Amino acid sequence: MSTKIKWGVIGSGGIARRRTIPEGISKACNAELSVVFDINAQVNAEVAKDFDAKQAASIEALLDTDVDAVYVATPAHLHGDQVRASAKAGKHVLCEKPLGMTVAEVQEMIELCQQRGVKLGCAFMMRLVAQHAEALKLINEGKLGQPTYARVQLSCWYPPIEGAWRQDPAAGGGGSLIDMGGHCIDLLEMFFGKVARVSCFINNTVHDYKSEDSAIAMLFFENGALGTIDTFFCIPDNSSKNALELYGSKGSILAKGTIGQAPAGEMVAFLEQDSKDYDARQVRTEAQEMIIAPEPVNTYQAEIEEFSQAIIDDREPLIGGEMGLRSQKVLAACYESARTGKVVDVN
């Protein structure tokens, strides 16, 4: 295996053009862009020119080249067919989330990739944020104590746009919950372990498109911790600070701005060295603040390098298809809860 993985991109516009190609594939030390395809021929031509890649006139033509891996960055309802086609062509696949439209479809995708001997990854790049990695280390070392509560917020302003696939559940699987909540759920399971059951509300609070523009989910983890995620397409970008809050019996880890597309944000921890006796006065003294500021990493570069290295080393990707399946199961339970008004078991 070469020390550089040749990549093809299906869906070269959108997030691929904005982030994953310029910041990820082009910058990765073990990857190179070879060929691109997009249903919009003009956009595809521009991307190919900008990044010195070949243009493919179809997905079949792209898969007929000598690329080692394919990055799928198309609307969610296309993921299943495109991942299956890539696997049948013997290409490893890194797919944007959600992996598929249903739990059953994602299971089928995973099984086919296993049968064909190709690796399947899911683009949960926020796992690779430097502060998130440091927070996970503190939790694994027991510095937070027994996990008790977590909250993740991810919102943006997303007004009605003609043809926007995220605004139609037939194309995106849902709205703010599946699009942004998928990242939130994945992060909280990374920190606190598996979610056992959920209760969820969705709504169209401001925008009247078919998908929800508002969602909040309450999570009960297998270890007894509680959590909430709130995701909105109807809060202005500058008004939502994309908060991450992790609490335990020994303190808290608090962040804002670490969740998102850019390697930015701030994180602090307030950790107790010893257990405390009950204080009836509940006096809040100035706690010792620990600033968590590791060297930032570009998450798009990190995810391409990690997946490429998994191919080179012939090992499982750090963020593999099973994590995409897990996310799909929790999201399905959330949507069922929103539909029925009941608490729903994930499994």
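Observations
- Unit charges at the beta carbon, dipole of the chain: most positive-side option, Cys234, Val330, His207: Val330
- Comparing Met180, Met218, Pro294 along the charge dipole axis of the chain, the residue lying farthest to the positive side is Met218, per the Cβ-charge model.
- Here Val268 and Arg116 are evaluated by their C-beta separation; at R0 = 35 Å the FRET efficiency comes out at 0.15.
- Taking amide H as placed 1.01 Å from N in the peptide plane, the amide H of Lys250 sits under 5 Å from that of Gly145, Gln146, each at least 5 places away or on another chain.
- Prolate/oblate/rounded call for the stretch 62-213, Cα gyration tensor, a/c under 1.5 rounded: oblate
- Computed lengthening from Asp313 to Arg339, 0.36 nm per intervening residue step minus Cα-Cα distance: 4.9 nm
- Distance between the modelled labels on Ala41 and Cys29, one decimal in nanometres: 4.1 nm (7 Å Cα→Cβ projection).
- Remark: the Cα gyration tensor places the stretch 192-268 in the oblate category, a/c being 1.5 or greater and a/b not exceeding b/c.
- Using 0.36 nm per residue and subtracting the Cα-Cα separation, the extra length available between Glu108 and Tyr149 on full extension is 11.4 nm.
- FRET efficiency for Ala61 and Glu222, using Cβ-Cβ distance with R0 set to 51 Å, rounded to 0.05: 0.65
- Cross-link partners for Lys342 among the lysines, with Cα-Cα distance under 17 Å and sequence neighbours closer than 8 places in the same chain left out: Lys329.
- Cysteines not pairable in the chain (beta carbon separation under 4.7 Å absent): Cys29, Cys95, Cys113, Cys122, Cys156, Cys184, Cys234
- A Cβ-based charge dipole, computed about the Cα centre of the stretch 1-126 with Lys and Arg at +1 and Asp and Glu at -1, lands at about 260 debye.
- Between Asn30, Leu62, Val106, the Cα set farthest toward the positive side of the dipole of the stretch 1-107 (charges on each charged residue's Cβ, about the Cα centre) is that of Asn30.
- Distance between the modelled labels on Glu295 and Thr205, one decimal in nanometres: 4.0 nm (7 Å Cα→Cβ projection).
- Entries in Lys54/Lys256; Lys27/Lys119; Lys119/Lys256 that, when Cα-Cα distance is taken, lie over 30 Å: Lys54/Lys256; Lys119/Lys256
- Computed magnitude of the charge dipole of the stretch 132-220 (debye, nearest 20; Cβ of K, R +1, Cβ of D, E -1): 400
- Test item: Cα-centred dipole of the chain, Lys/Arg +1 and Asp/Glu -1 on Cβ, debye: 280
Only the coordinates and a few stated rules stand behind these numbers; no lab work does. Please read these numbers as outputs of a predicted model, since none were measured by experiment. Note: ideal-geometry Cβ built from the backbone for every residue, glycine included; neighbour counts use all protein chains shown.
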